[in-house]
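S.K.: Just dropping this structure here.
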Amino acid sequence: MLAILLTVLFDGLAYGMLLFLISIGLSVTMGMMGFVNLAHGAFAMFGGYVATTLMQRAGVPFLVTLPVAFALVALASIVVERLLYQRLYRRGPLDQVLFTVGLTFMSVAGITWFYGPSQQPVVLPAFLQGQVSILGLEVGIFRLFLVAVGLLVAAAVVLGVERTRFGAKIRAAVDNPVMATGLGINVGGVFALTFAIGSGLAGLGGALGIQILGLTPAFPLKYLVLFLIVVSVGGLGSVGGALLAACVVGVIDMMTKYFLPEIGSFIIYAVMVALLMWRPHGLLGKKS
Amino acid sequence: MMKKAGLLAALALAGASLANVAVAADDTLRIGVIATFSGPYADYGRQFDAGIQLYLKDHDGKIAGKKVEIVKKDTAGPGPDAAKRFAQELIVRDKVNFLTGLDFSPNAYAVAPIVTQAKIPTVVMNASSSAITTSSPYIARVSFTVQQDSAPMAQWMLKNGIKETYVVVADYASGTDAHNAFEKAFAAGGGKVVGSVRTPMNNPDFSAYVQRIKDEKPQSVFFFFPSGVMPPAFLKAWKERGLDEAGIKLFATGEATDDSYLQATGDVALGLITSHHYSYAHPSELNKKFVKNFYAAFGKEMRPSYFAITAYDGMAAIAGALEKTKGDVSGDKVMEALKGLKLESPRGPIEIDAATRDIVQTVYIRKVEKVDGELVNVEFDKFERVKDPAKEAQ
Amino acid sequence: MTPSCPPSTAEAGWLRRRGGEIALWLAVPLAVALFLPEYYLLATHVAALGLFALSLDLLVGYAGLLSLGHAMFFGIGAYTAGLLSVHGWGEPISGLLIAALVAGLVGFITSFAVVRVQHLAQLMVTLGFGLLVFEAANRARWLTGGDDGLQGMDVWPVLGMFEFDLFGQTAFFYTVAVLALCFIIATRVIDSPFGLTLEGLRENPKRMAAIGTPTAARLRQAYVFAAIFAGIAGALMAQTSQFVALETLSFGLSAEVLIMLLLGGAGRRYGGLVGAAVFVIARDLLSDLNPQYWQFGVGGVMVLVVLFAPGGVLGILRSLRQRLMPVARASTAKAAPVTATPATNKGGAA
Amino acid sequence: MSIALTTAGLSKNYGALQVTRAVDFSLPVGARHALIGPNGAGKTTFINLLTGTVPATSGSITLLGEDITGQRPDQRVKRGLARTFQVTSLFPELTPMQSVTLAVCERLGLTARWYKRTGEHRAALDEAAEILAQLHLGHIGHLLTRTLPYGQQRIVEVAVALALRPRVLLLDEPAAGIPSGESAELFEVIAELPEDISLLFIEHDMHLVSRFASRVTVLVAGGILAEGTPAEIMANPEVRTVYLGNSEGHA
């Protein structure tokens, strides 16, 4: 029984890490600029397609595609941000919703045009397949890999935000953009860079996620709700919060699937509502 | 307000009756296709379209001497309310003589009352919920029913010494049908279903369910998912958790190895045994020709899946019926003609049951193998003249 | 923005103000009937969704209350009307009223939770409720028919006179009539002190509290109103299509109706109707044009509207009008109540 | 003369931090009372305690003989306690006419009424128009608030508060952000307010204070340092030391 519990727990964490990777960017950018970027899932999708394209068309090894996916998506996102998004920062959230959902629709149709509507294949390198047993616990190697990457990124992000000058600027900008500007911080620039990194991470998540989330043009809409749950439950702009929320969501999801499959997604939604009732600003969100 | 409506209703009658000039009896045959052309399941519509176009190409664009006009409507997936509206619009606005397409069962059910009211012959090209043909006398089916493909799998498993199994189905109507039909047939032959789970439709990751199965160690597992994203995900989890190594045998219906997705699904599908009515590798001359022409028309990018073949046969059925009626498209005559219609399809001999307007066909047992680098469903056993078990039961 | 305060010069002024509108309300359906009878279905669809979007406008546009789960009420209305007629009570108008009642009740119950939170949390809580109800309906196959949809509806003739016909003529006029009625009521609500309060809450809840408004109570009231209208819209959809799909409860529909509203212009009485028309017609044309990639077009429209028509279609119309005739500003700035006092008539002219 | 508002031992602590220390304060009916003190003296906190937007840690507040310490802000408003905000807090997309009408409707308990147009509530509209005219805002009553110059927005602040027919009106730096030239005009308007309204206003400019206030309370570090007529306060050495370093004129 304990073994089972641990296995499920671990799978949940692996799943959570994936959600964290994809959602963290959304959380920070929303918390910082209050910009509602519902096209975030599209960036994750692009990451996925970058990876598959490189693997299929150019035979690039899986691990190499990951940093490329990160870089390309980050780059693309800067273009989008400078070209389009920054025009909308002064607009209300509703305009931003309409705009970013519109973008999502376009990207969905666009990807369908290039890649067709169906599932993209991904073949993991042999050394990431199958299971290993750790202390008698059967663990999927790929999921182990996911957890590792997730923790690494989380650590990097936390250190980056806590320790570096740039991180300090980000925190200042999140806490109070107006004051930050007053302190001579180029909030626009800081945001653009943060946005790029966040989107890049989403791209990385998208590439890593193909194995578990699958990859079709419907991706951005299919998982939007999940990402939003992580962001809101975690608390806007909170790295730790996003990590915590992602793990909670992942674990609950796995637990219900294993122990109460007939209940389906009820629990996850109920828990979300309950948590938001209890802490409207998220588990680790700052009161505004 | 109502007074106004009344007044306007009177006025409008003029306009309506104008629009109402009975179904145009000119020299073109209008066929409305309600299917999924966008969204996650867009491949269904694409395959339908290919099958239809191929049939017309093979018969230089004519059916019963009339030139054919196809009107496509996109439901973007299961969308019964949209489907119903489209059906009405196709009949009222586009004045179609036939309705066809219909990939999702809910969409087919929603259309039924409309075509009954309008007496428009409707040929279901995929929707596989058993009761669809009973929901309207103007509906005939050339595809299959979930029960029709599921029950034979159970019988074959029993025949091959598998006495207990664990059932996994997607949590929607067809999933339930498959579950019941399979369990019924399996139990009838002395088999035992030791456990079952219904997985949500939008569920991306099956590892938890598979882990559960692994821990319960059944002799075998039978699963049914709509073709597309779910089967590959399930098979991935299956391999990752090493259930083959655990000695658990896996069976499914052909949706799991839909030729459209099989290549992308990859080696995880190797060795999977499924029951279905069509594999593009079906070794008959007719099918070889069909596949050849298909590739010629649409390139090797896309394999003809069971959606393409049913679409092709759907057109053939319409043609066959109109041949009998000498081109008369009136609903009742056409339906009469469709009843008992026999066709030699690339998938093998098919017949539209005179009593139920549902299809009678051969169901094949296939195994996924690599044939010169390509993953294909190789047929190695079959059940002939299979009727819809659900209707046989009544 | 909308004229939230009508002129005080009572009914005569009312006719002067609304005369054009009434003409429009008569002309449009008449035009459809005479020239586009084969578009009855589409028009009916637009009308029902228009009412749905209008109901959402009360929340998003006026009260500044966010919702991503509004389809919950649309669906509940639809299933109420649907189940009634499946189980033998097909009288449409009473069906509407009961649907409205049920939706309103659910709205009242959930309102307490919804107004306790703001911003993203509010978005997610409404979304959460929506998803839960969807799941429930999906499970309760014995009741709702699950994803096969609710079949076997038998709706009786409207007022015992007008049968629902295949051409959707009755459906069309029935829907338009109900829409018009609801629109009049909604306009009343918007023009009332309560409506003004909602705008105040949207603009500055803190100040509303400071002038002594029990803000939560008012927001809950608005939420219930929105639920009721959404329920009616859903019931209309169910009765006219004689079918209820599970999708009427889906997150997709909640998002779609929000998009419609924003396209048309939130916080404007006609925003919902215009938005629904634009969205549905655009989608219909585009998907006929190209059944595979129409989404690209729809997305494009949304993007362009935000970039070049802030405040939606009506927003751009208004700012155009202002550019053309500067005086219009006074009128659009809801001079309404002020016209009473001579002092401001002077100012208005100035 | 009778008392409009009194506080007894009113205190507010945030943990160890004492922002308001046992303030005993009383505001006579019809008073024109100024509250002054260096930045961070807790003036606005004191106002917030009175209106109930910040709950008191200890002590009591009595409004017109009734203890309101436990009441919600909106309840206190109903009892006749209104305020304005230091940073303009209005309804940008509404007109002054609408804003004031809103306040009047709230006072008359109409804001839950949805079946009758605002236009049909003649009394409310006329009263709103009256208030605007009284504050010389009549001519801009129909313009969107966000389009108004800041000075006028400050007056609208007052108008909205007045519409509540307050017995006690708390003005938090009503002239904040207005060039000192114009601020006098604002206070002219305030000075014209009906006698029976008791005024407590926070103001830095001692000239304005001495012109418009009959009494002054000096708040320092959350406690009352001194109270008296403007002249007495100006003369008070303690006050001067506290204010030492502040620019000339601004006491």
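Just so it is clear, none of the values below were taken in a lab; they were calculated from the coordinates. Remember, predicted model here, so these are calculated numbers, not experimental data. A quick note on method: Cβ atoms are made from the backbone with ideal geometry, for glycine too, and the neighbour counts reach across all protein chains shown.
S.K.: Between A:PHE127 and A:ALA3, with labels modelled 7 Å along Cα→Cβ, what's the label distance in nm to one decimal, could you check?
M.R.: The two pseudo-label positions are separated by 2.8 nm.
S.K.: How about B:LYS300: which aspartates and glutamates have a C-alpha closer than 18 Å to its C-alpha, ignoring those fewer than 8 places off in the same chain?
M.R.: B:ASP43, B:ASP49, B:ASP258, B:ASP259, B:ASP372, B:GLU374
S.K.: Arrange B:LEU243, C:LEU324 by Cβ neighbour counts within 10 Å, fewest through most, would you?
M.R.: Taking fewest neighbouring Cβ atoms as first place, the list is C:LEU324, B:LEU243.
S.K.: Also: In whole Hz, what ³J(HN,Hα) sequence does the stretch D:203-208 give by Karplus (6.51, -1.76, 1.60; θ = phi - 60°), x for Gly and Pro?
M.R.: Listing the rounded values in order: 8, 8, 6, 5, 4, 4 Hz.
S.K.: Pop out the ³J(HN,Hα) list for the stretch A:192-202 in order, Karplus 6.51 cos²θ - 1.76 cosθ + 1.60 with θ = phi - 60°, rounded to Hz; leave Gly and Pro as x.
M.R.: Running phi through 6.51 cos²θ - 1.76 cosθ + 1.60 with θ = phi - 60° gives 3, 5, 4, 4, 4, 4, x, 5, x, 4, 4 Hz.
S.K.: Order the peptides B:273-279, D:39-45, A:108-114 from the highest to the lowest mean number of other Cβ atoms within 10 Å of their residues.
M.R.: Values: B:273-279: 26.4, D:39-45: 17.3, A:108-114: 18.9.
Result, highest mean Cβ count within 10 Å first: B:273-279, A:108-114, D:39-45.
S.K.: Another one. Please pull out the direction-averaged projected area of the stretch D:141-181, using the convex hull of its alpha-carbon atoms, in nm² to one decimal place.
M.R.: For the Cα atoms of the stretch D:141-181, the hull's average projected area reads 3.5 nm².
S.K.: Can I ask one more? Under the Karplus relation 6.51 cos²θ - 1.76 cosθ + 1.60, θ = phi - 60°, what is the ordered set of whole-Hz ³J(HN,Hα) values for the stretch B:327-341, x standing for Gly and Pro?
M.R.: Calculated HN-Hα couplings, in order: x, 6, 9, 4, x, 5, 4, 4, 4, 4, 5, 5, 4, x, 5 Hz.
S.K.: Could you work out the percent of alpha carbon pairs in chain C separated by over 39 Å, rounded to a whole number?
M.R.: On the way: 8762 of 61075 pairs.
Percent of Cα pairs beyond 39 Å in chain C: 14.
S.K.: Could I get the Rg over Rh figure for the protein assembly as shown? Both from C-alpha atoms, Rh via Kirkwood, rounded to two places.
M.R.: 1.03
S.K.: Calculate the FRET efficiency for C:HIS87 and C:ALA27 from the Cβ-Cβ distance with a Förster distance of 51 Å, rounded to the nearest 0.05.
M.R.: Numbers: r = 40 Å, r/R0 = 0.78.
That gives a FRET efficiency of 0.80.
S.K.: Another question about this same structure. Could you work out, for the stretch D:89-164, what percent of all Cα-Cα pairs fall into each 10 Å distance bin, beginning at 0 Å and stopping at the bin that holds the largest distance?
M.R.: All Cα pairs considered, the percentages come to 22, 55, 22, 1.
S.K.: Given a Förster distance of 51 angstrom, what is the FRET efficiency for C:ARG18 paired with D:ILE3, based on the Cβ-Cβ distance and rounded to 0.05? Let's see the in-between values first.
M.R.: On the way: r = 53 Å, r/R0 = 1.04.
The computed FRET efficiency comes out at 0.45.
S.K.: How would you rank D:GLU120, B:GLU245, going from fewest to most other Cβ atoms within 10 Å of each one's own Cβ?
M.R.: Least crowded to most crowded, the residues run B:GLU245, D:GLU120.
S.K.: Can you pull the mean other chain C-beta count within 10 Å for peptide B:72-80? The partial results should precede the final answer.
M.R.: Numbers: counts 5, 4, 9, 2, 6, 3, 6, 6, 13.
Average neighbour count from other chains, rounded to a whole number: 6.
S.K.: Between B:LEU341 and residues 5 or more places away or on another chain, which pairs have amide H atoms under 5 Å apart, with H built 1.01 Å from N, and which residues are they?
M.R.: Counting only residues 5 or more places away or on other chains, the set is B:ILE352.
S.K.: Based on the Kirkwood radius over alpha-carbon pairs, what value in µm²/s does the Stokes-Einstein equation return for the translational diffusion coefficient of chain B at 10 °C and 1.306 mPa s?
M.R.: Calculated translational D: 73 µm²/s.
S.K.: Sticking with this one: I need two numbers for the stretch C:123-181: Rg to one decimal and Dmax as a whole number, Cα atoms only, in Å.
M.R.: According to the Cα coordinates of the stretch C:123-181, Rg and Dmax are 16.5, 45 Å.
S.K.: Using a Förster distance of 51 angstrom, determine the FRET efficiency expected from the C-beta separation of B:ASP244 and C:ARG323, and round it to 0.05.
M.R.: Approximately 0.10, to the nearest 0.05.
S.K.: Same structure again: Within straight cross-link reach of B:LYS217, meaning Cα distance under 24 Å, which lysines are found once same-chain residues fewer than 8 apart are removed?
M.R.: A:LYS257, B:LYS159, B:LYS163, B:LYS184, B:LYS192, B:LYS236, B:LYS239, B:LYS249, B:LYS367
S.K.: Also: Straight-line reach from B:LYS62: which lysines have Cα under 22 Å away, leaving out those fewer than 8 places along the same chain?
M.R.: Counting by Cα, and skipping residues close in sequence, B:LYS62 has these lysines nearby: B:LYS72, B:LYS73, B:LYS95, B:LYS289, B:LYS292, B:LYS324, B:LYS326, B:LYS333, B:LYS342.
S.K.: For the stretch C:205-247, run through the trypsin sites (Lys or Arg not before Pro) and keep only the ones in DSSP coil with at most 15 other Cβ atoms within 10 Å of their Cβ.
M.R.: The qualifying sites: there are none.
S.K.: At what distance in nm do the modelled label points of D:LYS78 and B:ASP328 sit from each other, each positioned 7 Å from its Cα along Cα→Cβ?
M.R.: With each label point 7 Å from Cα toward Cβ, the separation is 8.0 nm.
S.K.: Quick one: helix C:294-308 against the long Cα principal axis of chain C, what's the angle to the nearest 10°, folded into 0 to 90?
M.R.: That works out to roughly 10 degrees.
S.K.: Could you list the GluC sites (Glu not before Pro) in the stretch B:285-327 that lie in coil according to DSSP, counting only those with at most 13 other Cβ atoms within 10 Å of their Cβ?
M.R.: Hits after loop and neighbour filter: B:GLU301.
S.K.: Could you list which residues have their amide H under 5 Å from that of C:LEU65, counting only those 5 or more apart in sequence or on another chain, with H placed in the peptide plane?
M.R.: Under 5 Å from the amide H of C:LEU65 lie the amide H atoms of C:VAL60, each far enough along the sequence or on another chain.
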